[in-house]
1. Name every residue in the range 39-55 that is assigned to a loop (DSSP other than H, G, I, E, B), free of Cβ contacts under 8 Å to residues at least 60 places away in the same chain and more than 9 Å from the ligand (Cβ to nearest atom), in order of residue number.
2. Take the residues of the range 1-38 that are more than 25 Å from residue 70 (Cα to Cα) and of a type in the set (Gly, Ala, Ser): which is nearest to the ligand (Cβ to nearest atom)?
3. Please give the number of the condition residue 62 fails out of (1) away from the ligand (no atom under 12 Å from the Cβ); (2) not in a loop (DSSP other than H, G, I, E, B).
4. From (1) modelled with pLDDT of 95 or more; (2) small (Gly, Ala, Ser); (3) in contact with a Leu (Cβ under 8 Å, 6 or more places away or on another chain), pick out the condition that doesn't hold for residue 245.
5. Going residue by residue through the range 119-142, is there one that turns out to be in a loop (DSSP other than H, G, I, E, B) and among the aliphatic types (A, V, I, L, M)?
6. Under 17 Å from residue 103 (Cβ atoms), touching a residue at least 60 places away in the same chain (Cβ under 8 Å) and touching an Asp or Glu at 6+ places or on another chain (Cβ under 6 Å) - does that describe any residue in the range 202-222?
7. Counting just the residues of the range 98-142 that are more than 14 Å from the ligand (Cβ to nearest atom) and among the acidic types (Asp, Glu), which one comes out farthest from residue 163 (Cα to Cα)?
8. Output the number of the condition that residue 25 fails; it satisfies all remaining conditions of (1) in a helix (DSSP H, G or I); (2) of a type outside the set (Asp, Glu); (3) touching a Phe, Trp or Tyr at 6+ places or on another chain (Cβ under 8 Å).
Amino acid sequence: MKNIHRKIISLPEISSTNDLAMKLARQGEPAGTVIEAKTQNAGRGRLGKEWLSPPGTGLYFSIILRPVLPPADLSKITLAAGLGSAVALENYCGLSIRLKWPNDLFLEGKKLGGILCESSPIGHGKDTVVIVGIGLNVNTPVAAFPKKLHKRVTSLSWHGDKTISQPDLMLAMVRLIETQVHRLENGGFSQILTEWRTRDYTMGRELEWLAINGNKVRGISLGPDAQGILQIRDIHGTVHEVLSGDLSLDLGTYPA
Ligand code: BTN
């Protein structure tokens with residue numbers, strides 16, 4: 001993957017920047033193009049969840065990547081992109097960002113942003129396109145979120161008094177995400193993991209994993225293993241590998 005190409009397509013409104021990025025990539029748009037929108041009317045998160053995109057208050061953007069990676073390594077891009085985003089935010093805002101496996105950006109125990117990576121084989125499977133979509137609450141007023149989320153979300157402007165230039169912050173994030181994906185392509189996943197783990201929000205905490213098949217597992221997060229797969233140890237000492245599904249942390253008492 002080379003990132004000599006840079007083009008930023010800015011739109012006032014779109015359904016989802018990830019959808020347009022994937023469409024353009026399939027039509028041949030090169031790696032390094034970024035699609036950003038002031039608002040999305042069908043922003044998506046992981047597991048088909050809605051991503052609220054109030055106009056002009058947050059960053060909503062997607063980067064086209066064409067990484068040279070085996071299919072088994074594509075899920076590692078989410079961790080690489082999380083690390084790149086966290087480092088960019090730390091450098092730019094001087095805040096301490098934490099990462100909740102696999103794709104959440106946390107600040108002071110609340111969700112600041114999320115990452116949605118989507119991939120597709122192109123041209124008879126010879127090439128892979130990956131879209132890295134980032135949603136970040138920047139100047140988002142609390143009233144923009146539904147009441148049930150008020151205690152769980154945060155926005156950059158609620159912390160510190162630095163004036164944030166959204167275009168500068170976006171470019172800093174794009175560059176550092178690409179840097180981490182290069183590192184992944186060059187065999188650097190173990191170093192990425194080492195740096196990811198220093199920001200791991202769930203490590204050692206009690207959580208509940210709701211698997212895609214509806215099974216629930218309560219346990220302690222052991223963090224991601226060498227392949228980036230989250231490990232949870234339940235009260236019987238059984239270690240579960242979490243490949244997908246939802247993780248909640250606010251459990252009240254544990255064990256139940
Ligand atoms: C999550 O928290 O589950 C991931 C949220 C990702 C949201 C971003 S906003 C830009 C891009 N376009 C989308 O529809 N989703 C991502």
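The values are calculated or read from the model by the stated rules, or taken from the named source; none is laboratory data. Just so it is clear, the model here is predicted, and its values are computed rather than measured. FYI the Cβ positions are ideal-geometry reconstructions off the backbone, even for glycines, and counts take in every protein chain you see.
1. Matches in the range 39-55: 41, 55.
2. 16
3. The failed condition is (1).
4. (1) is the only condition that residue 245 fails.
5. Yes - at least one qualifying residue is present in the range 119-142.
6. Checked against the condition, which is being under 17 Å from residue 103 (Cβ atoms), touching a residue at least 60 places away in the same chain (Cβ under 8 Å) and touching an Asp or Glu at 6+ places or on another chain (Cβ under 6 Å), the range 202-222 yields no hits at all.
7. 127
8. Unmet condition: (3).
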